[in-house]
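> I'd like to ask you about the structure that follows.
The values are calculated or read from the model by the stated rules, or taken from the named source; none is laboratory data. Owing to the predicted nature of the structure, the values given are computational and were not obtained by experimental measurement. As a convention, Cβ positions derive from the backbone with ideal geometry for all residues, glycine included, and neighbour counts pool all protein chains shown. Just the protein is used for accessible areas: all its heavy atoms, side chains included, with ligands, DNA and RNA removed. Shrake-Rupley method; radii C 1.70, N 1.55, O 1.52, S 1.80 Å.
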Amino acid sequence: MSQVELKELSVSVGAKALVANVSLAIEAGTWCTIIGPNGAGKTSLVEAVAGLRPPSHGSVSISGRLLSEMNERERARTVALVPQHPVVPSGMTVYDYVALGRIAYHGLFRAASPDDRRITDSVLERLSLDEFRDRDVITLSGGERQRMVLGRAFAQSTMVIVLDEPITGLDLRHQMELLELLKSEVAECGLTVVATLHDLTLAGQFADRLVLLDRGEVVLDGPAAVVVRSDELASRYGMNLRVVDVDGADVVVPVRR
Amino acid sequence: MGANPPTRRRVAIVAMLSIAGLCVAAVGGLVIGPTSISAWHVIGDAFSRVGIGHSRLSALQSTIVWQLRAPRMVLGLFAGAMLAVAGGTYQGVFRNPLADPYLLGVAAGAGLGATFAIVDVGHGPGTPTWTPLLAFVGAMTAVTVTWLIGGRSMRSNAATLILAGVAVSSLLTSAQTFLQQQSTGSIARVYIWLLGSLASASWHSVWMVLPYVAVCAVVCVAAGRALDVMSVGEDESRSLGVPVRRVRFVVIAASSLGTAAIVSAVGLIGFVGIIVPHIVRLLVGTSYRRILPISVIVGAAFLVFADTIARTVMAPSELPLGVVTALVGAPVFVLILSLRRPVAV
């Protein structure tokens, strides 16, 4: 049984199909990155996987259970989301922000249990956020802030994490750090990652599998090394792309025509 | 204020000071007035009623305190507490610092209902006894219509609801203005009602609003944790496991019902619902688990304090309560705002 399974998934707004008839099965403990040009439907697809957009056709199931048959709390204990533009609520401490991930466990009318607090503490430690715990969230830098949002998703203790452009706006070091953190969770805890990324080089280096989406449809789907070398990839982006091998890693570079 | 949100210790201090202020305001509401009565005598009288000591109040003084001032003071506590907590709740659920309890049409609906009742009796003295009932019906109808327009469909969000409230409010206000202009003889009485006053308070009106205020204020305060989560926006709160639509419905229903009950008893007292939660927020930070319960206390104290001023400074005539709340509240707010780093909602 696959960890995440999309069956003939379509997402529409009005008459316009943002995601059209996508079927994917993603194995537990693997990293699947969705790539594609702007407007390809990547965000709609990951929002459907996170259960935030009801499919207009087809279904999403995680661990064999349909998302549409779960209530909000069950869903939040099944799949966590790192959104593209997270809201940063000024005046909240970093600890309280990460602890929001435990709401689905202790509920809206009960305080966090000792277990919830222990998990929040361990996430803060794992993501080196401990020194910021009493700081106001708006005082963090971009890299620290994104780590904090990832921390909230980790605190949800789900087996699947969905990330929408998690490294946008971060400098190179913070981009790598964030992806490495995630990669180690995949390796150590069997986490399943579904992410969208614009950077094809990083997408290729971190994902087990790349899925190219264009106009809402899956165009290419395969191991990263194969997908980045495909002519189809270059043509969908309308660009001249070269793959350079640097110490065994694929680097995708655009070349002016 | 540094980079850190307020500590527990500071919140505890603010809470204790608010409770002390509430006690002072409540006793002041009983002893201050044209007939000056000693606070100790009033407290002694209260104890004598449960069998401790002897009262030193005369029968007249006792009547003034317990039949005139006490119901007025208690109704003021209820009104201040409810308006403040409803305003704070609205600010949280709409994530909008300008939200007040009248946002979704409660004021316009109540105003139209009350105007109906007052205009109907023509030139008779005072306001008719069914004014509160019509005001209450008007308020709840207005909020229900707003909800049906802006809050029901799957694609609606907080903004559509606010816009629906604006539309419903302006429609009902224009109807109310028209009705008021048609009946020149009762304009003054309509106007006085619209400004809000505790002058007609009685133990009867206190018992009438008590169940609404008790239930609705408890629901609002209990929603504090949900509102804290919802400060990250609707989509993210849903992904964290919050049933956003259901929470929004329950919270808006409770705030509106409590506000409608208060408005129907005391008219449209402005400013408390918007200013008190903001003052509290500046003192204790942005968590609604702190803002809402402390707003209940501060709102109650503030309104009784304002009413004591309203009925004494120009005695025997009274200042409109809404005028005093703004006159006292605005400078206090500006003072705190200038002393503290502004905190966003």
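> Starting from the Cα gyration tensor of chain A, take the square roots of the eigenvalues, sort them a ≥ b ≥ c, and report rounded, prolate or oblate (rounded when a/c is under 1.5, otherwise prolate if a/b is larger than b/c, else oblate).
Values: a/c = 1.92, a/b = 1.33, b/c = 1.44.
Note, shape of chain A comes out oblate.
> Rolling a 1.4 angstrom probe over the protein chains, ignoring ligands and nucleic acids, what is the accessible area of B:ILE309 in square angstrom, nearest 10?
Surface accessible to solvent at B:ILE309 totals approximately 50 Å².
> Please tell me the relative contact order of chain A in percent, rounded to the nearest whole number, where contacts are Cα pairs under 8 Å and at least six residues apart. Could the numbers behind the result be given before it?
Working: 495 pairs, mean separation 63.8, N = 257.
After rounding, I find 25 percent.
> In the stretch B:212-230, which residues become less accessible by 40 Å² or more once every protein chain is in place, relative to the chain on its own, using a 1.4 Å probe?
So the qualifying set is B:ARG225, B:VAL229.
> Also, quick follow-up: Name the residue farthest towards the positive end of the dipole of the protein assembly as shown from the options B:THR63, A:GLY51, A:VAL255, assuming +1 on Cβ of Lys and Arg, -1 on Cβ of Asp and Glu, about the Cα centre.
B:THR63
> Carbon and sulfur atoms: what percent of the 1.4 Å accessible area of chain A do they account for? Write down the numbers at each step before the final one.
Details: 5600 of 11340 Å².
Here it works out to 49 percent.
> Let me ask you something else. Can you tell me the FRET efficiency between B:LEU60 and B:LEU339 if r is taken as the Cβ-Cβ distance and R0 is 60 Å, rounded to the nearest 0.05?
Details: r = 45 Å, r/R0 = 0.75.
Rounded to the nearest 0.05, the efficiency is 0.85.
> Can you send over the carbon and sulfur percentage of the accessible area for the stretch B:293-342, probe radius 1.4 Å, protein chains only?
Values: 1840 of 2320 Å².
C and S fraction of accessible area: 79 percent.
> Quick one: buried accessible area between A and B, total over both chains, 1.4 angstrom probe, nearest 100 Å²? Could you put the intermediate results ahead of the total?
Numbers: alone 12460 and 16370 Å², together 26480 Å².
Adding both sides of the contact gives about 2300 Å².
> Express in Å², to the nearest 10, the accessible area of A:GLU5 obtained by rolling a 1.4 Å probe over the protein heavy atoms while all chains stay in place.
60 Å²
> Over all distinct alpha-carbon pairs, what is the Kirkwood Rh of the stretch A:85-157 in angstrom? Could the numbers behind the result be given before it?
On the way: mean 1/r = 0.0832 Å⁻¹.
Answer for the stretch A:85-157: a Kirkwood hydrodynamic radius of 12.0 Å.
> Which of rounded, prolate or oblate describes chain B when judged by the alpha-carbon gyration tensor and an a/c cut-off of 1.5?
Working: a/c = 1.95, a/b = 1.17, b/c = 1.68.
It comes out oblate by the Cα gyration axes.
> For Cα pairs less than 8 Å apart in space and 6+ apart in sequence, what is the mean separation divided by the residue count of the stretch A:129-205, i.e. the relative contact order in percent? Write out the running numbers ahead of the final one.
Working: 50 pairs, mean separation 25.6, N = 77.
Reported as a whole number, the value is 33 percent.
> Run the quick spin-label model on B:VAL50 and A:ALA249: label points 7 Å from Cα toward the beta carbon, then report their separation in nm to one decimal.
Using points 7 Å along Cα→Cβ, the separation is 7.4 nm.
> Give the Debye-formula value of log10 I(q)/I(0) at each listed q (0.08 Å⁻¹), with one equal scatterer per alpha carbon of the protein assembly as shown, two decimals each.
Log10 I(q)/I(0), no solvent term: -0.67.
> What number, rounded to the nearest 500 deg cm²/dmol, is the helix-based mean residue ellipticity at 222 nm of chain A, given -39500 (n - 2.57) per DSSP H run of at least four residues and division by all its residues?
Computed ellipticity for chain A at 222 nm equals -9500 deg cm²/dmol.
> Give the aspartates and glutamates reachable from A:LYS183 as a straight Cα distance under 20 Å; neighbours fewer than 8 places away on the same chain don't count.
Partners within reach: A:GLU27, A:GLU125, A:GLU144, A:ASP164, A:GLU165, A:ASP171, A:ASP199, A:ASP208, A:ASP247, A:ASP250.
> Any chance you could check the stretch A:74-99 for residues losing 20 Å² or more of accessible area when the partner protein chains are in, compared with the chain on its own (1.4 Å probe)?
A:ARG75, A:ALA76, A:LEU81, A:VAL87, A:PRO89, A:SER90, A:GLY91, A:MET92
> Just to make sure I understand: if all protein chains stay in place, what is the order of A:MET92, B:MET82, B:MET16 by accessible area at 1.4 Å, largest first?
On the way: A:MET92 25, B:MET82 0, B:MET16 130 Å².
Accessible-area ranking of A:MET92, B:MET82, B:MET16, largest first: B:MET16, A:MET92, B:MET82.
> What ranking of A:THR30, B:THR7 comes out by heavy-atom accessible area, probe 1.4 Å, highest first? Mind dumping the intermediate values first?
Details: A:THR30 40, B:THR7 85 Å².
Result, largest first: B:THR7, A:THR30.
> Need one value: the accessible area of A:ASP208 in square angstrom, 1.4 angstrom probe, rounded to the nearest 10.
Answer for A:ASP208: close to 80 Å² accessible.
> List the GluC sites (Glu not before Pro) in the stretch A:17-91 that DSSP assigns to loop (not H, G, I, E or B) and whose Cβ has at most 16 other Cβ atoms within 10 Å. Which are they? Don't skip to the answer; put the middle values down first.
Working: sites: A:GLU27, A:GLU47, A:GLU69, A:GLU72, A:GLU74; in loops: A:GLU27.
In loop regions of the stretch A:17-91 (DSSP not H, G, I, E or B), the sparsely surrounded GluC sites (Glu not before Pro) are A:GLU27.
> Suppose every Lys and Arg Cβ carries +1 and every Asp and Glu Cβ carries -1, with no other charges. What dipole size does the stretch B:147-284 come out with about its Cα centre, to the nearest 20 debye? Walk me through the numbers before you get to the answer.
Details: 9 positive and 4 negative charges, 39 e Å.
Using only the charged Cβ atoms, the result is roughly 180 debye.
> Can you give the accessible area per residue of the protein assembly as shown, in Å², using a 1.4 Å probe?
Numbers: 26480 Å² over 602 residues.
Per residue, the protein assembly as shown has an accessible area of 44 Å².
> What is the stretch A:1-134 by shape, rounded, prolate or oblate, if you read a ≥ b ≥ c off the alpha carbon gyration tensor as root eigenvalues and call it rounded for a/c under 1.5, prolate for a/b larger than b/c, and oblate otherwise?
On the way: a/c = 2.06, a/b = 1.79, b/c = 1.15.
It comes out prolate by the Cα gyration axes.
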